[in-house]
1. Here are Ala197, Ala114, Ala207: which of them is in contact with a Cys (Cβ under 7 Å, 6 or more places away or on another chain) and closer than 30 Å to Cys22 by Cβ?
2. Of the residues Val310, Val288, which is among the aliphatic types (A, V, I, L, M), in contact (Cβ under 8 Å) with a residue 24 or more places away in the chain and surrounded by fewer than 16 Cβ atoms within 10 Å (Cβ to Cβ)?
3. State all residues of segment 60-79 that are part of a strand (DSSP E or B) and either open to solvent by 70 Å² or more (accessible area, probe 1.4 Å) or β-branched (Val, Ile, Thr) (or both); if no residue qualifies, say none.
4. When you look at Ser270, is it touching a strand residue (DSSP E or B) at 6+ places or on another chain (Cβ under 6 Å), of a type in the set (S, T, N, Q) and touching a residue at least 40 places away in the same chain (Cβ under 8 Å), yes or no?
5. Could you tell me which of the residues Leu61, Leu88 is among the aliphatic types (A, V, I, L, M) and within 20 Å of Ala131 (Cβ to Cβ)?
6. Being within 17 Å of Gln12 (Cα to Cα), surrounded by fewer than 21 Cβ atoms within 10 Å (Cβ to Cβ) and touching a residue at least 24 places away in the same chain (Cβ under 8 Å) is true for just one of Ala250, Ala228, Ala235. Which residue is that?
7. Would you point out the residue of segment 6-26, among those that are charged (D, E, K, R) and touching a strand residue (DSSP E or B) at 6+ places or on another chain (Cβ under 9 Å), that is most open to solvent (accessible area, probe 1.4 Å)?
Amino acid sequence: RRQRQMCIRDRQATTFPDLDLCDSFAPDTQKLLSLAKEAEQVALDNPAIVNSDGASADYALTQTYRQSTTGFERESARTRFSLSACVLAGGENQSRERDYDYSSATYFEDLRAAKDVGAQAAARAQNRLGAVKIASARMPVVLEQRVARRFFGYFLEAINGMAAVKKTTFLADWLGKAVFAPQISVFEDPFVPRGLASRACDAEGIACQKRRLIENGVLTTWLTDLNAARRLNIAPTGHAGRGFGAMPHASASNVFVSGGQGTFEDLTGSVKRGLFVTDVIGNGLNAVTGDYSQGVSGRLIENGRLTVPVREMTIAGNLKDLFAQMILADDAQDGYAVSVPTALLPDVSVSGK
């Protein structure tokens, strides 16, 4: 036990770079209310919008004090702002369609404008009007960035060290093996100023570091807290997260996915007939086998162009196969905890009518 404590002390953070994670501006309730109202009103000003499903603006200041039996002591604070709007579009002889938009930031000034969030929520809902259900087939599927970020979250969950310990991940035996195509790499940077997932150390005081989670397609590491690292018999990786009153759990900091091979237009232009997914419903993943099935909506791609809206479809496959075939555009946007470009899955089972 003494040796283990010494090992932990060697890896504890001793320097703490200023990551600029705490905004001095604290909006009052009226300021937040006005932002939410503005976003909602801008959305409602779109003639295609028939109702609001709500808008919200939030502010949080979190102050944390950590102390451990190994001598670590650290006090820190961070702020988080968010703004969202969700609306329904409809028209004569058309079913109503719902969609949303949102913005999150560490600093208030980095939030997208309320009018932009509202307008984008309305446009997304309007673009879903007249959606049809197409016949089942195997076809290419393009994931919009918002969907690609969620889809890529399955990978981050799968490399959780405790899942590897318990063999409850479909990537349990894939350390050092190719998960993605060779051109794809995944980089983690905990030190991004004002980053949504930035941190100088993890929740157990272990120093964070920049690292490759995937290098040239190959899985290089697990995400571990101290417990998982001990049980895997590896050095702790500095990925412990922790909520109030909860045990530590592994979580990544800011993640960036690279390896894109062209623009969004290049990616969709290569598809003769396929599906562009803009929204997903539910969560149908078997974490042990990687079998995946999820309801989706979006637009049909015909001869490289986005055409009619599509809904009530299901895409399915095994994530090991889907990850291996994934092709990326080069259009990732900053400002997210997980930055992923538009992604193409060339051969997916799509179920409809």
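The values are calculated or read from the model by the stated rules, or taken from the named source; none is laboratory data. These figures come from a predicted structure and were not determined experimentally. Cβ coordinates were reconstructed from backbone atoms using ideal geometry, including for glycine residues, and neighbour counts include every protein chain displayed. Surface areas here come from the heavy atoms of the whole protein model, side chains and all, with no ligands, DNA or RNA. Shrake-Rupley method; radii C 1.70, N 1.55, O 1.52, S 1.80 Å.
1. Values: Ala197 fails: in contact with a Cys (Cβ under 7 Å, 6 or more places away or on another chain); Ala114 fails: in contact with a Cys (Cβ under 7 Å, 6 or more places away or on another chain).
Matching residue, one of Ala197, Ala114, Ala207: Ala207.
2. On the way: Val310 fails: surrounded by fewer than 16 Cβ atoms within 10 Å (Cβ to Cβ).
The conditions single out Val288.
3. Residues of segment 60-79 that are part of a strand (DSSP E or B), as a first pass: 60-67, 73-79.
Leu61, Thr62, Gln63, Thr64, Tyr65, Gln67, Glu73, Glu75, Thr79 - these are the residues of segment 60-79 that are part of a strand (DSSP E or B) and either open to solvent by 70 Å² or more (accessible area, probe 1.4 Å) or β-branched (Val, Ile, Thr) (or both).
4. Values: touching a strand residue (DSSP E or B) at 6+ places or on another chain (Cβ under 6 Å): no; of a type in the set (S, T, N, Q): yes; touching a residue at least 40 places away in the same chain (Cβ under 8 Å): yes.
Spelling it out, it is not the case that Ser270 is touching a strand residue (DSSP E or B) at 6+ places or on another chain (Cβ under 6 Å), of a type in the set (S, T, N, Q) and touching a residue at least 40 places away in the same chain (Cβ under 8 Å).
5. Details: Leu61 fails: within 20 Å of Ala131 (Cβ to Cβ).
Unique residue meeting the criteria: Leu88.
6. Values: Ala250 fails: surrounded by fewer than 21 Cβ atoms within 10 Å (Cβ to Cβ); Ala228 fails: surrounded by fewer than 21 Cβ atoms within 10 Å (Cβ to Cβ).
The match here is Ala235.
7. First pass over segment 6-26, keeping only residues charged (D, E, K, R): 9-11, 18, 20, 23.
Retained after the next criterion (residues that are touching a strand residue (DSSP E or B) at 6+ places or on another chain (Cβ under 9 Å)): 11, 23.
Numbers: Arg11: 89, Asp23: 19 Å².
Checking each candidate, the answer is Arg11.
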